[in-house]
Amino acid sequence: MFWSELEARTPALTLFPLMCTILDWSKRSKVIETMRITLIGASGVGKTTLAERVATVLHLPLIPEVARSLCREKGVVRIGDIADQEAFKFEVLERQIELENALPAYVADRSTVDCWVLWQRWNICSAMTYDTERMYDQVKAQSRTYTHIIYVPPLIEAVEDGFRWTDGDYSKQLDRLVRMTLWELGLMERTLTISSITMEERVAEVERWIA
């Protein structure tokens, strides 16, 4: 009924392009519905803002930063004030996996890969070997479920938000670990490296990549 009415009201020369546009949109919509997009990068590089914008543009649910949510639940202002950092990192990892597995598609502000990056920076030398291997195995398995990874390098000066350390040298260290981890886990083919400064340009980069 729809197509017969549309054909009666639309000139023949314009009907075919219109049908193609509708079919292309429908196909792209179905692809988006299976996208599991994560953002990764050092502290203060603009991941949260970009994640929120991308989720809005693609009409996908947003998984907010898990560590910040857990700290809020515990009444902790700064993440460094958590007493047992190793246990907390596993708590973050398990919540991240739980939230990701509950959705067929999403945009996640950070991912399990971030958990491994921070473990390497802060815990790998002091933790028990079996805990490190358990963390790595869980992260590696979950990282295979990501369809798109958006890596945001430190292109802008980090702004102190009172939650975590944003020192410039620390950000450089985390950034190196991020790049090494993406390579080591074999995720580079699924990764977009952001090169723009403004948020509008970054969103446009993501849209072109996904299209």
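The values are calculated or read from the model by the stated rules, or taken from the named source; none is laboratory data. Note that the structure is predicted; figures quoted are calculated from it, not measured. Neighbour counts are summed over all protein chains in view; Cβ atoms, including those assigned to glycine, are modelled from backbone coordinates with ideal geometry.
Tell me which residues, restricted to segment 101-137, are under 12 Å from the mean Cα position of the chain (by Cα) and among the hydroxyl-bearing types (Ser, Thr, Tyr).
Within segment 101-137, the first condition is being under 12 Å from the mean Cα position of the chain (by Cα), and the residues that meet it are 105-114.
Scanning segment 101-137 gives 106, 111, 112.
Determine whether segment 164-181 contains at least one residue that is under 17 Å from residue 112 (Cβ atoms), at pLDDT 95 or above and exposed (fewer than 15 other Cβ atoms within 10 Å of the Cβ).
Yes - at least one qualifying residue is present in segment 164-181.
Just to be sure I understand the filter: pairs with C-beta atoms under 8 Å, separated by 6 or more residues or on different chains, first member in segment 60-77 and over 17 Å from residue 110 (Cβ atoms) and touching a residue at least 60 places away in the same chain (Cβ under 8 Å), second member among the hydrophobic types (A, V, I, L, M, F, W, C) and surrounded by 15 or more Cβ atoms within 10 Å (Cβ to Cβ). Which pairs pass?
77/71; 77/163
Condition (residue is among the aromatic types (Phe, Trp, Tyr) and crowded, with 19+ Cβ neighbours inside 10 Å) applied to segment 142-162: is it met by at least one residue?
Checked segment 142-162: at least one residue is among the aromatic types (Phe, Trp, Tyr) and crowded, with 19+ Cβ neighbours inside 10 Å.
Failed condition for residue 45, given (1) within 29 Å of residue 157 (Cβ to Cβ); (2) part of a helix (DSSP H, G or I); (3) touching a residue at least 40 places away in the same chain (Cβ under 8 Å), with all others met?
All conditions are met except number (2).
For residue 80, state whether it is over 28 Å from residue 207 (Cα atoms), out of contact with any strand residue (DSSP E or B) (no Cβ under 9 Å at 6 or more places or on another chain) and modelled with pLDDT under 95.
Numbers: over 28 Å from residue 207 (Cα atoms): yes; out of contact with any strand residue (DSSP E or B) (no Cβ under 9 Å at 6 or more places or on another chain): yes; modelled with pLDDT under 95: yes.
In short, yes.
Working only within segment 99-151, note down all residues that are in a loop (DSSP other than H, G, I, E, B), in contact (Cβ under 8 Å) with a residue 60 or more places away in the chain, closer than 21 Å to residue 174 by Cβ and aliphatic (A, V, I, L, M).
none
Condition test on residue 194, is it at pLDDT below 95 and either among the aliphatic types (A, V, I, L, M) or in contact with a strand residue (DSSP E or B) (Cβ under 6 Å, 6 or more places away or on another chain) (or both)?
Spelling it out, it is not the case that residue 194 is at pLDDT below 95 and either among the aliphatic types (A, V, I, L, M) or in contact with a strand residue (DSSP E or B) (Cβ under 6 Å, 6 or more places away or on another chain) (or both).
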